[in-house]
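Report on one structure; see the data block that follows.
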Amino acid sequence: MSVETTPDAVREETAPDAFREELRAWLEENCPQEMRDGKMAENSICWGGKNWQFTSDAQKQWLERCAARGYTVPTWPKDYGGAGLNRAQEKIFHQEMDRINARKPLQSFGIWMLGPALLHFGSHEQKLHYLPPIARGEIRWCQGYSEPGAGSDLANVQTRGEDKGDHWLVNGQKIWTSYADKADWIFALVRTDREAPKHKGISFLLMNMEDAGVDTRPIKMISGISPFCETFFTDVKVPKDQIVGEENRGWDVAKYLLTHEREMISGGGAGLSGGGRALGAVINDTMEGLTDATLRADAMRCEIDSLAIGLTLERYKDQAEAGQGAGDASAMLKYMGTELNKQRHELMMTAGGSDALEWDGPLGNRAGDWLRTKANSIEGGTSEVMLSIVSRRVLGLPG
Amino acid sequence: MLADMARGFLDGAAPVAKLRKMRDAGDTQDSALWKEMADMGWAGVLVPEAQGGSDMGYAAANVLAREMGKTLAVSPFISSAVIAATALRQVADARAEAALARIAAGEATYALAVDEGIKFDPEATQMTARADGNGFRLSGKKQFVVDGAMADRLLVLARTDNGLTLFDIPADRAGVTRDRTNMIDARDAARITFDDVEATGEDVLGQVDQAMTVLKPALMAGQGALAAEMTGLAAGAFDMTVGYLKERKQFGVEIARFQALQHRAAHLWCEIEVTASAILNAGRMMDADPENAALAVSLAKARATQTATLAVQEGVQMHGGIGMTDAYDMGFYMKRARVGAEWLGDYSYHAEQVAAARGF
């Protein structure tokens, strides 16, 4: 993103190349009007999956039309369900989607997390088998990482996979598995060598949630909803071909995936997706004029930081295109983005005053959204873990 | 790469030790260094090749400013090579071209005389340029004229009958009195009094009553470069601090082992990294779309001010007592950061610009 005074006007004039023209025409024809409200709230997201209930015909239509063009995962190769866009085209894609305020046709952990890991570590057969159903929104994935005894110390996972020749026999418990109760499959960190040092005995396994021995139990959170679950594995048989990467090298996959997860979480923090509506404008709406000088000053600072963090995300994406991934710096993006998002929601609560204190009150789910952000600086690695990663891996300070 | 080349040069030719030496001697100008910078094309970084410049653009100018910030190199780079050159480029006449050629050659240095009160506020200019025959008479006072005590020429903002007008006059013209100010950062600055100073129509840069056409791009260029310098300054202070954490021992171990300090250092690195993005964006926008670069520039200056302030505060704190001593270099970074924070608009000024552009 370039920060422009009049983003839309500038965008109209820049690079009106063939791709943009064609895309714009396609969007005009194919994006249903109901999907042009830019909504990103939890209840407007299309997550897909076998049990997905579309909230409207438009939502279904929008997903199907995008999936047919590879637009649910625009940068993935065409063979695997994507549109094969390069970075420049991807930018145009997002600009044009934002221009008409289009909702994302599909969001999922398959897209954000498993997909990138499979693209990097998976075999060609695995990619052909697992990626297209993700792109089409047919299979919904969840992430089995944390355990009661493995939070910040993630490599301490104890869920165990016993080698039974043609399969692993998996026993153990995961926690904070987002939407495990709604997911079709799970990618999980499982200890397959109990003798090896903790980072060297973990494998990255794919499991069908319908398999015998898999149970989930939702956890009610402070926001009133239950996006997280506990997931239990009792004698679950996992065929040997359902491993990503090498046996006992799952930590490499886990780390790679985490960098994507962190970038994804930080993007939400910058508040720049979906048109990047300025915080000041949001607050203005609520307060009918931002007359509170203290709130205004705080919101200005938050806005400045949002814009700068948004630019940083773009900069790292550009570098990724040039072959330099964000790598350890994704910890920086995650830390800065999530801390900012918490501030942003605190300010929106202040702006909402007592109206914001009601569940489903005049401001909708503002309180629920606010409470949800408190997990941002915990999930995917806490802010403190992020700072430790920066300290050790970027600054080279002793561990 | 330009940055590596600049770093190599500045580490040798303009380390902080040089600033210290100049301060101790009471010098605010390093003419030999500026001549070398001119020979490398830095003075003419924004001057067209036809006038002997290297014409590398704003992104490149910001790279140079950032590297100068790291070592606190003393030069009139921002005043002359960035602000004055940008102002002169807005005016397409032979006189301006000749002036650009002198800047590129390192033969003429400039200072921008805008501020009259304690805060940057060009629109509030009170200094007058009274019409007098074919010319003008300039009367009034300017303060915080950075590089103004030693500059050869002054860009002066004054009020004319129907607006503001920018003048380009020699600093030694009759009626100009310059008082060098003893600045905390040991850099050149002056309070300047104009007592019925004669100016001709030739001295007007751009059109009468239309100063902002010329001045606004020049200010944006200067603000962007200053933001880059401050980000370099933050990085310089940060590197020094991390180096110290790795070497200083307490309780029998390097203090870099303490998580409280690790996290402070890591947080500071994150802030610097985010600000660096805003600087890059500002340079890119100034090169590609200067008409719409105002938000990008103010964002950069606001972030740079915050980040540099944090970097020097954390620098002193993490150094402990030694960071408070004059013998140690950290203090130089702190003082320059404070001056940079005020020059060409402070945090509040630029935050308001961002707010206005973002619909607050």
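The values are calculated or read from the model by the stated rules, or taken from the named source; none is laboratory data. For clarity, every value in this text was computed on a predicted model and none was experimentally measured. Every residue, glycine among them, receives a Cβ derived from its backbone with ideal geometry; neighbour counts consider all protein chains shown.
Being touching a Ser or Thr at 6+ places or on another chain (Cβ under 8 Å) and within 19 Å of A:Tyr130 (Cα to Cα) is the filter; apply it to the stretch A:184-202 and report the residue that is surrounded by the most Cβ atoms within 10 Å (Cβ to Cβ). Applying the filter and picking the extreme gives A:Ala188. Starting from residues that are of a type in the set (Phe, Trp, Tyr) and more than 7 Å from chain A (Cβ to nearest Cβ), keep the ones in the stretch B:240-273 and report whichever is surrounded by the most Cβ atoms within 10 Å (Cβ to Cβ). By that ranking, first place goes to B:Tyr244.
Restricting attention to the stretch B:339-360 and to residues that are in a helix (DSSP H, G or I) and away from chain A (no Cβ under 13 Å), the residue that is surrounded by the most Cβ atoms within 10 Å (Cβ to Cβ) turns out to be B:Gly340. I'd like the full set of residues that are in contact (Cβ under 8 Å) with a residue 24 or more places away in the chain and surrounded by 14 or more Cβ atoms within 10 Å (Cβ to Cβ), limited to the stretch A:47-63. Residues satisfying the conditions are A:Trp47, A:Gly48, A:Gly49, A:Lys50, A:Trp52, A:Ala58, A:Gln59, A:Gln61, A:Trp62, A:Leu63.
B:Met68: in a loop (DSSP other than H, G, I, E, B) and crowded, with 18+ Cβ neighbours inside 10 Å, yes or no? Criteria not met by B:Met68. Within the stretch B:81-113, the set of residues being in a loop (DSSP other than H, G, I, E, B), at negative phi and surrounded by fewer than 24 Cβ atoms within 10 Å (Cβ to Cβ) comprises B:Gln90, B:Val91, B:Ala92, B:Asp93, B:Ala105, B:Glu107, B:Ala108.
In summary, A:Arg301 fulfils each of the numbered conditions (1) of a type in the set (D, E, K, R); (2) under 21 Å from the mean Cα position of the chain (by Cα); (3) within 11 Å of chain B (Cβ to nearest Cβ) with the single exception of condition (2).
When B:Gly236 is tested against (1) more than 30 Å from B:Leu155 (Cα to Cα); (2) crowded, with 24+ Cβ neighbours inside 10 Å; (3) touching a Pro at 6+ places or on another chain (Cβ under 8 Å), just one condition goes unmet, and that condition is (3). Of the residues making up the stretch B:250-301, those that are touching a Phe, Trp or Tyr at 6+ places or on another chain (Cβ under 9 Å) and not in a helix (DSSP H, G or I) number 4. Scanning the stretch A:177-195 for residues that are among the aromatic types (Phe, Trp, Tyr) and either at pLDDT 95 or above or in contact with a helix residue (DSSP H, G or I) (Cβ under 6 Å, 6 or more places away or on another chain) (or both) turns up A:Trp185, A:Phe187. A single entry from B:Ala124, B:Ala111 fulfils the requirement of being in contact with a Gly (Cβ under 6 Å, 6 or more places away or on another chain) and among the aliphatic types (A, V, I, L, M): B:Ala111.
Could you tell me whether the stretch B:282-303 includes any residue that is surrounded by fewer than 24 Cβ atoms within 10 Å (Cβ to Cβ), farther than 23 Å from B:Gln90 by Cα and within 14 Å of chain A (Cβ to nearest Cβ)? Checked the stretch B:282-303: no residue is surrounded by fewer than 24 Cβ atoms within 10 Å (Cβ to Cβ), farther than 23 Å from B:Gln90 by Cα and within 14 Å of chain A (Cβ to nearest Cβ).
One residue stands out among those in the stretch A:347-399 that are hydroxyl-bearing (Ser, Thr, Tyr) and within 14 Å of chain B (Cβ to nearest Cβ): the one that is surrounded by the most Cβ atoms within 10 Å (Cβ to Cβ), which is A:Ser391. Does the stretch A:315-324 contain at least one residue that is within 14 Å of chain B (Cβ to nearest Cβ) and under 30 Å from B:Val253 (Cα atoms)? No, the stretch A:315-324 contains no residue that is within 14 Å of chain B (Cβ to nearest Cβ) and under 30 Å from B:Val253 (Cα atoms). Summed over the stretch B:116-174, the residues that are surrounded by 14 or more Cβ atoms within 10 Å (Cβ to Cβ) and either part of a loop (DSSP other than H, G, I, E, B) or of a type in the set (A, V, I, L, M) (or both) give a count of 24. Looking only at residues in the stretch B:225-239 that are away from chain A (no Cβ under 12 Å) and closer than 17 Å to A:Met332 by Cβ, which one is farthest from the chain's Cα centre (by Cα)? Within the stretch B:225-239, the match that is farthest from the chain's Cα centre (by Cα) is B:Ala235. A:Leu131 falls short on exactly one of the conditions (1) in a helix (DSSP H, G or I); (2) out of contact with any Gly (no Cβ under 8 Å at 6 or more places or on another chain), and that condition is (2). Across the stretch A:174-202, the qualifying residues are those that are in a loop (DSSP other than H, G, I, E, B), of a type outside the set (Asp, Glu) and in contact (Cβ under 8 Å) with a residue 12 or more places away in the chain, and the one among them that is nearest to A:Phe232 (Cα to Cα) is A:Ala180. For the stretch A:203-226, the set of residues classified as buried (at least 19 other Cβ atoms within 10 Å of the Cβ) and not in a strand (DSSP E or B) consists of A:Met209, A:Ser223, listed by residue number. Remark: B:Leu215 matches the filter, which requires a residue to be more than 7 Å from chain A (Cβ to nearest Cβ), in contact (Cβ under 8 Å) with a residue 40 or more places away in the chain and of a type in the set (A, V, I, L, M, F, W, C).
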